[in-house]
Amino acid sequence: MKFTKEIKAGLIALLAIVGFVFLFQFMKGKSLFTTDNIFFAKFDNVEGLAASNPVSINGLKVGQVDKIIPVTESDGKIHFVVKVIIDDNFEFSKKSTLEIFEPGLMSGKEMRVNLAYGQPMAKDGDTLDGDFKLSMLNSISSQVGPVKDQVQVVLKRVDSLTTNANKIFDDQNRAEIRALLNNLNRTVAAFEGTSKQTNALLANNDPRIQKMLDNANLATVSAKTAIDKYGRVADEVDVQKLNNTIDKLSLTADKLNGVITGIQNGEGSLGKLTKDEQLYQNLNKTAENLNVLVEDLKANPKRYLNFSVFGKNTKD
């Protein structure tokens, strides 16, 4: 069979297109001779992840990101479904997660499978839980943000303190502070003069100081004598007799308490007098009658006392 130039040119062009497609897929990292498993994960933010970015398991590249599909929900919220292709030679649990991370400070975003263990196993077409790890810069930014806010608060407080300090140190306050310092300097100078005079007196052995020291010694000796006398008196006290006297006083106090308690309970004459209401009223009535009798005796003594010089009784 003889091929014309046109057929040869068409075959060459077809082979070139097929080769270009295979080369393009190879350059994208897709395997050309093996079958792959497809998995999905849902994210609210992909943080710069792009198609063809690698997917790894424990640091080993096992696939790549195939497509990122934006999905708009009914309430207007947008999320992203990431489609990844992983070599079917790797099997893992469906509990594993797909995580977006940044392996280095200057590298781009990648994905990795955070392995978990247990049944069931992940199958082609399953949707895995998505996870996201902050990059080093984002982590530093998240930590620096609160520190910056605190620094701003501190700076505001420092500014407020500075303003208040400026208000305190106005012209009038400065003058008062200057006057206070002058008074303090004069006080220090006076103390210095007193110190010099004291040193001069001590150096010259002033008789007044010697007399003062002698008086102090006499006072000390007198105090020591009084303390010694008190100590001898304390030694001479008979502690046993003192304890006996205290015991007798305590016994007397107990008896007195007993008598008072008996009176309160109506025992004895005083107790009956304090507790018997009828007796109390009779005594009051007798006292009243006695008072009436005394008053009548004062007013009419002849009614009760009748004297006659000649022995004749006179009747009222």
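The set of residues in segment 128-177 that are at pLDDT 75 or above and not in a helix (DSSP H, G or I) comprises Leu128, Asp129, Gly130, Asp131, Phe132, Lys133. Checked against (1) of a type outside the set (Phe, Trp, Tyr); (2) closer than 20 Å to Lys42 by Cβ; (3) surrounded by 10 or more Cβ atoms within 10 Å (Cβ to Cβ); (4) at pLDDT 85 or above, Gly125 meets all criteria but (3). Highlighted here are the helices (runs of 4 or more DSSP H) found entirely within segment 222-316 that include at least 1 residues which are modelled with pLDDT of 65 or more and within 60 Å of the chain's Cα centre (by Cα): 239-264. Here is a check on your reading of the model: is Phe80 touching a His at 6+ places or on another chain (Cβ under 7 Å), farther than 13 Å from Val113 by Cα, in the same structural domain as Val113 (by TED's automatic domain parsing) and surrounded by 10 or more Cβ atoms within 10 Å (Cβ to Cβ)? In short, no.
Leu98 meets the stated requirement of being at pLDDT 90 or above and buried (at least 16 other Cβ atoms within 10 Å of the Cβ).
The values are calculated or read from the model by the stated rules, or taken from the named source; none is laboratory data. What you are looking at is a predicted structure, and each value in this text was computed from that prediction instead of being measured. Cβ coordinates were reconstructed from backbone atoms using ideal geometry, including for glycine residues, and neighbour counts include every protein chain displayed.
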